[in-house]
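S.K.: Quick one: this structure, given as structure tokens, is what I'll be asking you about.
The values are calculated or read from the model by the stated rules, or taken from the named source; none is laboratory data. Just so we're clear, the structure is a prediction, and the values are computed from it rather than from any experiment. Here the Cβ positions follow ideal geometry from the backbone for every residue, glycine too, while neighbour counts run over all protein chains shown.
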């Protein structure tokens, strides 16, 4: 009974498209009813966004495995690491995946190694190490190609595309996202398609084509609603809000960002919360409410600092600088722009360094003019 329930719960995650980052195949081989029962509770907690509870169950399960259960231990470690990513505990996730890599390399379990490489790439991207992230995503892609795992290939193509976006190489990013979308369509992977569509939309937004971006984000939202994926819905709503802001529709933008924030709080995702707060701050600045804008940007910065999201921190600092600049508080604006630049330089976001340098030059010119 316990084994049948575990298989049902695993298939449910697969049906929902929530196993892209998950190494689940060892779960189908479990014979021990007590072990199956604990893992089932962990999967249910994970599915219900109760990540701390899920981690506790998976750790308990690891205490019941034997020396011959290496593949199962790797699967449990992977679930722990991804749960840590989902709850934005990135430093903990890094250590979990490093342990997983060590065990998988020693045991020569290629499928598990591909998952570990891909997931630690996600961690390094968020921690502001895009070159390191790129290295691991490329390693994961290579293994997935060697073992013929198409879903893994599509995931890593998308991840590589996101890193190139961070590095400002937008055409290269677009190329990878389109390859990922083509592969996900061939497999009928709806979650993958939604992620690819959203990523393509972000690239078009960065390329100055907001209407094209909107088209892709709306398609992504529709699929995420269809499969009931709340994190995907929150991301899509936030992306749509950004486009509406660009199109000069701040009230529609605000509506979408507030919906994204509500979902992010519901699923306990601090990274999406910080992003939504920052976007709301930008809208309030547009609406001529600088004090409210500052409040939201500082909340976003607090969360991004807490979870160690360097790229998010740099964006928040730049947003705060923009508010101070608009208020004529040039000294404060300069301070925040310089702090933002330092982080952008650290993570290798050259296009953002250039943009921030332009802002710094404008602020300095204003300060000189004011001093005359």
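S.K.: Pick out the one residue from 138, 178, 171, 151 that is out of contact with any strand residue (DSSP E or B) (no Cβ under 7 Å at 6 or more places or on another chain), in a helix (DSSP H, G or I), modelled with pLDDT under 95 and surrounded by fewer than 24 Cβ atoms within 10 Å (Cβ to Cβ).
M.R.: Within the list 138, 178, 171, 151, the selection yields 151.
S.K.: Moving on to the next point. Out of everything in segment 1-39 that is over 28 Å from the mean Cα position of the chain (by Cα) and in a loop (DSSP other than H, G, I, E, B), what residue ends up being modelled with the lowest pLDDT?
M.R.: Of everything passing the filter in segment 1-39, 1 is modelled with the lowest pLDDT.
S.K.: Among the residues of segment 22-52, write down those that are within 16 Å of residue 66 (Cα to Cα) and either touching a strand residue (DSSP E or B) at 6+ places or on another chain (Cβ under 8 Å) or surrounded by 18 or more Cβ atoms within 10 Å (Cβ to Cβ) (or both).
M.R.: Within segment 22-52, 26, 27, 30, 35, 36, 38, 39 meet the criteria.
S.K.: Any chance segment 91-101 includes a residue that's without any contact (Cβ under 8 Å) to a residue 12 or more places away in the chain, part of a helix (DSSP H, G or I) and within 17 Å of residue 62 (Cβ to Cβ)?
M.R.: Scanning segment 91-101, I find at least one residue that is without any contact (Cβ under 8 Å) to a residue 12 or more places away in the chain, part of a helix (DSSP H, G or I) and within 17 Å of residue 62 (Cβ to Cβ), so the answer is yes.
S.K.: Could I ask something else about it? Name the residue, out of 88, 60, that is touching a helix residue (DSSP H, G or I) at 6+ places or on another chain (Cβ under 6 Å) and more than 23 Å from residue 29 (Cα to Cα).
M.R.: 88
S.K.: Please state which of the following conditions residue 83 fails to meet, knowing it meets all the rest: (1) in contact (Cβ under 8 Å) with a residue 60 or more places away in the chain; (2) in a helix (DSSP H, G or I).
M.R.: (1)
S.K.: Moving on to the next point. Run down 278, 318 and say which single residue is out of contact with any strand residue (DSSP E or B) (no Cβ under 9 Å at 6 or more places or on another chain), outside the structural domain of residue 86 (by TED's automatic domain parsing), more than 20 Å from residue 87 (Cα to Cα) and surrounded by 21 or more Cβ atoms within 10 Å (Cβ to Cβ).
M.R.: Just one listed residue meets the conditions, 318.
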